[in-house]
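Here's the structure, in structure tokens; my notes come after.
The values are calculated or read from the model by the stated rules, or taken from the named source; none is laboratory data. All values derive from a computational prediction rather than experimental measurement. Ideal geometry is used to build each Cβ from the backbone, glycine not excepted, and the neighbour counts take in all protein chains shown. Heavy atoms of the whole protein, side chains included, go into the accessibility calculation; ligands, DNA and RNA do not. Shrake-Rupley method; radii C 1.70, N 1.55, O 1.52, S 1.80 Å.
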Amino acid sequence: MKKRTHTCGQLTKADLNQTVTLQGWVASHRDLGGLLFIDLRDRYGKTQVVVHPEETPDLAGIAHTLHSEWVVEITGIVQARPEGMINKDMMTGEIEIKVSHLDILNTCPPLPFQIEDSSKANEELKLKYRYLDLRRPEMQEVLMLRHHISNIVREHFSAEDFIEVETPFLVKSTPEGARDYLVPSRIFEGSFYALPQSPQIYKQLLMVAGFDKYFQIARCFRDEDLRSDRQPEFTQIDVEMSFVDQNEIFDVIERLFVKILKEAWNQDLRTPFPRITYNECIEKYGSDKPDLRYGLEFHNLTEHFKGCEFHVIATALQEGGVVIGLNLKGKANLSRKQVTELEELAKKAGLAGILPLKLTAEGFKGVLAGKVDDQTLKAVAEQCQASEGDLLLMGIGKKSSILKGLGVLRVKLAEHFSLFDPIDRSKTSIFWVVDFPLFERDETTGEVSPSHHPFTGFHPDDEPMLTTEPWNVRSTAYDLVMNGNELLSGSIRIHDSKQQAMIFDLLGISEEEIKLRFGFLVDALKYGAPPMGGMAIGFDRVIMVLTNRPIRDVIAFPKTTLAQSLMDGCPSPIDPQLLTDLHLALIPPKNS
RNA sequence: GGGAUCGUAGUUCAGUUGGUUAGAACGCCGCCCUGUCACGGCGGAGGUCGCGGGUUCGAGUCCCGUCGGUCCCGCCA
């Protein structure tokens, strides 16, 4: 094997008449009989290679036997393509290599799917032959972008005086949060390590240790059911800072995202990013991660319908319900069938139904027209900023479920009517969500649980409410939302052990449990913990949003929705001796 | 745990109210071809219709179960 002199994406007219050696995969070969072309591919691009059987019959003999994805090495002279034969779609389209030497470095059986075309192939098959799927240029581009972004992240935080510290993979299992992936201890019979769900506690301990500014590109593990945006192992850009307020934290992160968007999309983001309160998000969009590339804001129309006799509305209002509407601009011309489709969308979104009201040249049309006086409807239309030709959709019922349902419907409507261009990067919507509630309350049991995590600080003004109405206490937590995706989540932490104890108490965790589970953290907070705050950026999700792809596409070797790897076949049974060493025995499944 | 959807040559798909020998394109094999670039032309091989059971004279098609992919709900601080 020789040494290659160039890559397959490199040569141009500037290299004419040079003798070069290329190595790569046969992307395609076109045998015209008296003339033979090979497209040679590596991760940098493709170069056309030409063989003339009349001049080099030996080479042609070898070239005839080539197949797709064989690995070959060629040496030859860079020559300009004849006039009219230039391929503008190829970076190297002005030249070709006239071969003087051809070596087959490796062969390849017929492929389970064609490389260039395999975006169409069955996902199961592509995951089984992941190394072939990753040979596709578009997959390579994604992973190369991921690499560039991780470089930017490391450069950014390093330049801002952060240091990257690695934290353990074998950690203590805590019953909080997601189900842990467990690792049995060989030495301590019956004891287990857990794989970390995040480095949260460790980074707080690093702050106590005085590291001041920390970051880490960290792998996290959660044994929960999967979705198109969730994998059992995923990557966070974990960040923590001491002696800072929210503004300073936001600043550092905004500067990072400005660089990322510039690198990936060549887009300039304006700073500071807007800040929207959690309550405003919920009231206006029914979501804590709304996509603001399109409008469809909600309007609370309840006041207009006070005393309304239309039974659906009257019943709902009697039970303390609400009427919330949104305006579909210019959709009053939808057919009956199309409106029925919208009603089905609403049901899929979890709403019992939706009341359409058309604003036409002949006046209002819909169930409410005639049942509710025009003056009321006019006031409703005015509040929704609706005019002739618009279609109002109204949800009626319990406020929390209507907001949630309409929030889901809003996303479906935007897709249904293509209200935004997913490719148009200039319309990027990025903003902070602030003032999250500290706790979530279980509606049936009334118990509270942390809405972020139990180390989240609370708004100082709301401290008196902690004991009286904890569910109304605002936290210091924040999210960053881009195009409808939560990209990061963070907070200012509690750095006072007494406050931390109080929160644990509110969460109903006994002192004994605290000692057992978080004793070391509570202890650490007593030993001079600085004020601190930070966040975890969902790195996979950032790449997903930048590439508009599902999470499997942005991870080199992902798992399926059953958390299996189809390529290596894990999880798999193990040698019984290993179980014995670990003091484990298998319990057979119930129905076998 | 629940719901939806998909599973037919190596691959992507078609296959009517259940009815003769399950088709096409790409790939593969053979022959032809001097400017192709997803080259083209002619010919050929290739199928346990995911798996198991049932209904029926007859099942790729209908029913039940099961395995797997994807999406969603629950779940994921």
Show me A:308-314, A:101-107 ranked by packing, highest mean number of other Cβ atoms within 10 Å first. A:308-314, A:101-107
At q = 0.11 Å⁻¹, base-10 log of I(q)/I(0) for chain A (Debye sum, equal scatterers on each alpha carbon): -1.17
Spelling it out for residue A:330: with amide H atoms placed in the peptide plane at 1.01 Å from N, the residues 5 or more places away or on another chain with amide H under 5 Å from its amide H are A:390, A:391
Which ³J(HN,Hα) values in Hz, rounded to whole numbers, follow from the phi angles of region A:559-565 under the Karplus curve 6.51 cos²θ - 1.76 cosθ + 1.60, where θ = phi - 60° and Gly and Pro get x? 9, 7, 5, 9, 6, 9, 9
Working from Cα positions, state the angle (0 to 90°, nearest 10) between the long axis of helix A:399-416 and the longest principal axis of chain A. 30 degrees
May I ask you to order A:482-489, A:543-550 by the average number of other C-beta atoms within 10 Å around their residues, highest value first? A:482-489, A:543-550
Note, ³J(HN,Hα) from phi for region A:461-472, Karplus 6.51, -1.76, 1.60, rounded to Hz, x at Gly and Pro: 5, 9, 3, x, 7, 3, 8, 8, 9, x, 5, 9
So in chain A, what percent of DSSP beta bridges are antiparallel if you round to the nearest 5? 90 percent
Relative contact order (percent, whole number), region A:286-435, Cα cutoff 8 Å, 6+ residue spacing: 35 percent
Can you list the GluC sites (Glu not before Pro) in region A:349-434 that are in a DSSP coil and have 13 or fewer other beta carbons within 10 angstrom? A:362, A:388
For an R0 of 56 angstrom, estimate the FRET efficiency from the Cβ-Cβ distance between residue A:101 and residue A:225 and round to the nearest 0.05. 0.50
In straight Cα distance, which lysines are under 26 Å from residue A:172, not counting same-chain residues fewer than 8 positions off? A:203, A:213, A:498, A:515, A:526, A:559
Checked against a 23 Å limit on the C-alpha separation, the offending pairs among A:259/A:427; A:120/A:348; A:329/A:398; A:126/A:427 are A:120/A:348; A:329/A:398; A:126/A:427
Among trypsin sites (Lys or Arg not before Pro) in region A:186-271, those in a DSSP loop whose Cβ has at most 14 other Cβ atoms within 10 Å are A:186, A:270
Can you give the relative contact order of region A:410-540 as a percent, counting alpha carbon pairs under 8 Å and 6+ residues apart? 23 percent
Between the alpha carbon centres of region A:355-380 and region A:281-313 the gap in Å comes to 17 Å
Once all protein chains are kept in place, residue A:340 shows an accessible area at probe 1.4 Å, nearest 10 Å², of 60 Å²
Rounded to the nearest 500, what is the 222 nm mean residue ellipticity of chain A from helices alone, with -39500 (n - 2.57) per DSSP H run of 4+ residues and division by all residues? -8500 deg cm²/dmol
Over what distance in Å are the Cα centres of region A:155-220 and region A:324-348 separated? 48 Å
How much length is gained on full extension from residue A:64 to residue A:183, taking 0.36 nm per residue of separation minus their Cα-Cα distance? 37.4 nm
Using θ = phi - 60° and the Karplus curve 6.51 cos²θ - 1.76 cosθ + 1.60, what whole-Hz ³J(HN,Hα) does each residue of region A:540-557 get, with Gly and Pro shown as x? 4, 5, 4, 5, 4, 5, 5, 9, 6, 10, x, 4, 4, 6, 9, 10, 4, 10
Cα extents of region A:210-348 per principal axis, largest first, Å, are 65, 37, 33
Using Cα-Cα distances under 8 Å and only pairs 6 or more residues apart, what relative contact order does chain A have, in percent? 13 percent
FRET efficiency for residue A:527 and residue A:441, Cβ-Cβ distance as r, R0 = 56 Å, nearest 0.05? 0.95
Report, by chain and number, residues whose modeled amide H sits under 5 Å from the one on residue A:165, excluding near sequence neighbours (fewer than 5 apart, same chain). A:215
So if each residue of separation counts as 0.36 nm, and I subtract the Cα-Cα distance between residue A:192 and residue A:469, what length gain in nm does that give? 95.9 nm
What FRET efficiency do you get for residue A:134 and residue A:245 if R0 is 45 Å and r is their Cβ-Cβ distance, rounded to the nearest 0.05? 0.55
For a distance above 18 Å, tell me the whole-number percent of Cα pairs in region A:52-130 that qualify. 60 percent
Nearest 10 degrees, 0 to 90: what angle lies between the long axis of helix A:374-383 and the longest principal axis of chain A (Cα atoms)? 50 degrees
Going 7 Å from the Cα of residue A:4 in the Cα-to-Cβ direction, what parts of region A:37-68 have a backbone nitrogen less than 11 Å from that spot? A:40-47
